[in-house]
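Chemist: Below you'll find the structure I mean.
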Amino acid sequence: MSQVEQQTARALLRRLAVEQAECRIPSVTAAIVRDGEIAWQAGRGQVGGQPPTPATQYRIGSITKSVVAVTVMRLRDEGLVDLLDPIGKHLPDTRFGEATIAQLLSHTSGLTAEPPTAWWERTPGVEMPDLLTRVGPGEVKHRPGRRYHYSNVGFALLGELVARLRGMPWLTAVQAEVLDPLGMDATTARPRPPHATGYAVHPYADVLLPEPEHDAVAMSPAGQLWSSTTDLARWAAFVAGDTGGVLSPGTLAEMREPAIVDDADAWTSGYGLGLQLTRHAGRRLAGHTGSMPGFLATVWADPADRVGVLFMANTTSGMSRTLLADLLGILDEHEPRLPEEWRPGGADPALLALTGLWHWGPTPYVLRLLPDGGLSLEPMRGGGRASRFEPQDDGTWLGLDGYYAGETLRAAPDHLDLNTFIFTREPYDPAAPVPGGVESWT
């Protein structure tokens with residue numbers, strides 16, 4: 001499944017055209033990615049008197065943060081940093097060094113959102129030594145780890161972390177380790193032709209004001225990059241799971257896990273490790289929004305469905321909040337993905353013998369053998385502690401998710417030992433080693 005059908009393409013184009021016209025956007029480009037390939041792409045408006053093309057560059061703002069975060073996770077996987085390291089361990093010239101690398105990645109460090117400089121997005125940037133001098137203890141607004149508080153300054157520090165540990169500018173490391181391997185050769189720090197000019201649209205007249213564009217220098221890891229539709233589509237495929245060897249699938253999945261939620265009561269938006277998260281219409285999406293003066297951009301990916309969606313526009317504000325959700329909704333309405341065909345497979349007889357009904361005390365659970373060779377343990381009636389497990393070399397099983405994530409399952413013919421909890425074939429089976437002893441049922 002690659003290119004969308006003509007009727008679907010028409011419906012998608014109409015939604016984009018409505019956005020451009022009603023929101024008065026100088027130009028906008030959008031795309032849908034399916035199974036790692038662009039399935040639909042379109043542009044509206046004008047760039048230099050012509051419609052934007054898949055090669056036209058737009059500034060992608062804070063999507064830059066996700067690219068930097070991937071480089072940080074590569075450092076972690078190489079053993080050069082630990083996510084629990086305080087940033088001061090690697091940047092000793094910081095004056096607020098107790099925040100950890102994980103907290104900086106997830107915007108829970110408590111650091112101020114913006115640097116104590118002139119409006120950094122619209123003025124020439126300052127060098128890192130100057131920024132570190134300006135950002136003192138007074139710029140810590142919350143206890144580290146207490147809450148989600150978006151911090152551009154935090155990602156400036158992560159860029160400096162990459163620079164110092166790699167011995168090169170952060171952008172050079174990102175180019176060599178992320179952009180080049182993914183084939184994103186149209187993603188650059190400064191614009192190159194063909195590129196859109198950033199505009200502010202007058203709120204009460206159809207008049208444009210060009211927005212300034214500068215090198216953010218120390219703050220550049222927070223939002224410097226420009227990209228094209230083609231490149232951002234490759235990034236969407238990456239976030240959806242096509243890592244191209246840049247990261248292990250396990251590390252990318254870790255980045256997509258919620259580290260903090262922004263609306264705890266509803267949990268519709270949150271943040272992982274350098275990736276924004278949102279839930280919509282049954283989908284769990286990962287990606288990032290981007291905003292710089294004159295530009296807006298967003299990319300979302302659904303790893304479960306191997307689909308991504310993105311837009312880039314050269315306007316400071318004014319777009320609706322529903323464009324990408326609507327595009328995904330049109331795709332789901334017109335071309336819902338067919339489920340994979342079920343096919344029988346083999347099974348180790350010893351594992352097959354473990355499947356079926358088990359009891360945690362009086363509560364029935366079902367143990368199933370998964371197609372990938374793992375196990376799934378879940379309450380028969382739902383609503384309890386369910387987890388998946390993968391086999392380990394020593395014969396035990398490691399919990400992957402749910403309550404038992406990271407815990408060890410040991411399986412014997414007559415009982416399961418799950419982190420001291422004993423599951424038996426019969427409720428409180430007296431023949432099994434149930435802690436506390438078992439009396440006869442009466």
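Chemist: So what are the ³J(HN,Hα) numbers for the stretch 343-353, from phi and the Karplus equation (6.51, -1.76, 1.60; θ = phi - 60°), rounded to whole Hz, Gly and Pro as x?
Modeler: 9, x, x, x, 8, 5, x, 5, 6, 4, 5
Chemist: Within the stretch 49-125, which trypsin sites (Lys or Arg not before Pro) sit in a loop by DSSP and count at most 16 neighbouring Cβ atoms inside 10 Å?
Modeler: Listed in order of number, the matching sites are ARG95, ARG122.
Chemist: Through the Karplus equation 6.51 cos²θ - 1.76 cosθ + 1.60, θ set to phi - 60°, convert the phi angles of the stretch 181-186 into ³J(HN,Hα) values in whole Hz; use x for Gly and Pro.
Modeler: Listing the rounded values in order: x, 8, x, 8, 7, 9 Hz.
Chemist: What whole-number distance in Å separates the alpha-carbon centres of the stretch 54-127 and the stretch 182-254?
Modeler: 16 Å
Chemist: Please compute one quarter of the surface area of the Cα convex hull for the stretch 186-285 and express it in square nanometres.
Modeler: 9.9 nm²
Chemist: What percent do you get for the relative contact order of the stretch 6-334 when only Cα pairs under 8 Å and 6+ apart count?
Modeler: 27 percent
Chemist: Which GluC sites (Glu not before Pro) does the stretch 332-394 hold that lie in a coil by DSSP with at most 11 other beta carbons within 10 Å? Could you put the intermediate results ahead of the total?
Modeler: On the way: sites: GLU333, GLU340, GLU341; in loops: GLU340, GLU341.
In loop regions of the stretch 332-394 (DSSP not H, G, I, E or B), the sparsely surrounded GluC sites (Glu not before Pro) are GLU340, GLU341.
Chemist: Between beta-carbons, use under 14 Å as the cut-off and find the net charge around GLY345, counting Lys and Arg +1, Asp and Glu -1.
Modeler: Taking every Cβ under 14 Å from that of GLY345, the sum is -2.
Chemist: How high is the relative contact order of the stretch 93-149, in percent, with contacts defined as C-alpha pairs under 8 Å that are six or more residues apart?
Modeler: Relative contact order, the stretch 93-149: 57 percent.
Chemist: Which ³J(HN,Hα) values, rounded to whole Hz and listed in residue order, are derived for the stretch 218-224 from phi using the Karplus coefficients 6.51, -1.76 and 1.60 in 6.51 cos²θ - 1.76 cosθ + 1.60 with θ = phi - 60°, glycine and proline given as x?
Modeler: 4, 8, 4, x, 8, x, 7
Chemist: Still on this structure: Considering amide H positions built from the backbone, and no H for Pro or chain starts, which residues 5 or more places from ILE260, or on another chain, come under 5 Å of its amide H?
Modeler: The answer is TYR271.
Chemist: Hey, if you drop one equal point scatterer on each alpha-carbon of the stretch 312-360 and run the Debye formula without solvent, what base-10 log of I(q)/I(0) do you get at q = 0.21, 0.32 Å⁻¹?
Modeler: -0.90, -1.14
Chemist: Running a GNM on the chain with Cα contacts under 10 Å, which residue among ASP265, ASP242, ASP401 ends up with the highest mean-square fluctuation?
Modeler: ASP401
Chemist: May I pose another question? Taking chymotrypsin sites (Phe, Trp or Tyr not before Pro) that fall in a DSSP loop and have at most 11 other Cβ atoms within 10 Å as cut points, what is the longest piece of the chain between them?
Modeler: 205-341
Chemist: First select every other residue whose beta carbon is under 12 angstrom from the beta carbon of TRP267; then total the charges, Lys and Arg +1, Asp and Glu -1. It would help to have the intermediate numbers written out before the result.
Modeler: Numbers: positive: ARG279, ARG284; negative: ASP262, ASP263, ASP265.
It works out to a net charge of -1.
Chemist: Let me ask something additional. Find out how many positive minus negative residues lie around HIS107, taking Lys and Arg as positive, Asp and Glu as negative, among other residues whose Cβ is under 11 Å from that of HIS107.
Modeler: Around HIS107, the surrounding residues sum to +1.
Chemist: Is the shape of the stretch 164-217 best called rounded, prolate or oblate, per the rule: a/c under 1.5 gives rounded, else a/b larger than b/c gives prolate, else oblate, with a ≥ b ≥ c the square roots of the Cα gyration tensor eigenvalues? All intermediate terms of the calculation are to be shown ahead of the outcome.
Modeler: On the way: a/c = 4.08, a/b = 2.34, b/c = 1.74.
Because a/c hits 1.5 or more and a/b exceeds b/c, the stretch 164-217 counts as prolate.
Chemist: Decide, for the stretch 349-424, between rounded, prolate and oblate: order the square roots of the alpha carbon gyration tensor eigenvalues as a ≥ b ≥ c, take rounded if a/c falls under 1.5, and otherwise choose prolate if a/b is larger than b/c, else oblate.
Modeler: It comes out rounded by the Cα gyration axes.
Quick note: the coordinates plus some simple rules give every number you see, no bench work behind them. Since the model is a prediction, treat every value here as computed from it, not as a measurement. When we count neighbours, we look across all protein chains shown, and the Cβ atoms used for this are built from the backbone with ideal geometry, even at glycine.
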